[in-house]
């Protein structure tokens with residue numbers, strides 16, 4: 001298929017089920033956090049309708065289209081340029097019937113979708129509160145990294161409105177925001193059910209958290225075993241190799 005690339009764009013091989021993705025080197029490119037979230041959420045039930053909030057390049061949706069037996073996936077992306085590029089990735093992978101992109105503000109999600117629409121929601125949101133950290137001058141990266149266009153509360157409040165009762169919510173985030181995350185999930189009645197902490201290696205500090213919640217569920221949080229990315233020699237652990245489909 002002939003896909004016309006714009007300045008800065010490239011095609012990357014995901015090395016999974018012949019999937020590829022288009023990224024722009026000048027914008028925010030996906031990292032291991034998105035890969036880990038797609039693996040964490042692969043337990044989503046067959047026939048589910050999935051919402052990918054702040055979908056960016058579309059990496060999570062593309063992987064979930066093969067890792068799950070979902071009925072439909074909706075990518076929700078605020079940035080027009082990013083949504084345009086993501087649409088080309090769908091064409092490249094022939095996923096236009098499986099995945100649909102909505103170029104809308106997450107804060108208006110309930111206006112686009114009716115209540116109780118989604119069976120599951122996944123999200124890799126901006127990690128940094130607005131006004132904290134070093135802000136990159138590139139607007140695309142700024143929106144992806146900082147809560148300038150949507151906050152944690154925006155994501156949780158909108159997710160509650162459009163999730164079905166007992167619908168599932170999956171998110172990857174930073175450990176330093178864990179208290180904020182659990183507080184916000186409880187505030188919007190998406191009960192934290194499963195938490196996994198990701199470390200660079202056994203001697204390192206926590207780098208990421210993977211958390212699952214269920215709408216209107218009873219309280220019971222299960223802490224899973226830690227996930228280590230690297231061995232002592234700097235090589236990927238067996239579990240990471242398996243996630244990357246290299247073992």
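Quick note: the coordinates plus some simple rules give every number you see, no bench work behind them. None of these values were measured; they are calculated from a predicted model. Positions of Cβ are backbone-derived with ideal geometry, glycine not excepted, and every protein chain shown enters the neighbour counts.
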Region 8-131: antiparallel bridges as % of DSSP beta bridges, rounded to 5, reads 30
Scoring region 168-247 by relative contact order with C-alpha pairs under 8 Å, at least six apart, yields a percentage of 31
Cα convex hull volume per residue for region 170-247, in Å³, equals 92
Checked the chain with the C-alpha gyration tensor, a ≥ b ≥ c its square-rooted eigenvalues, rounded below a/c of 1.5, otherwise prolate if a/b is larger than b/c and oblate if not; verdict rounded
Mean separation of Cα contacts under 8 Å (at least 6 apart) over the residue count of region 9-243, i.e. the relative contact order in percent, is 16
By Cβ neighbour count within 10 Å, fewest first, 87, 186, 10 rank 10, 186, 87
Listing 162, 179, 198 by rising number of other beta-carbon atoms within 10 angstrom, fewest first, gives 179, 198, 162
Counting only DSSP beta bridges with both partners in the chain, the antiparallel fraction in percent, to the nearest 5, comes to 50
Stokes-Einstein D for region 1-106 (37 °C, 0.692 mPa s, Kirkwood Rh from Cα pairs), in µm²/s, comes to 239
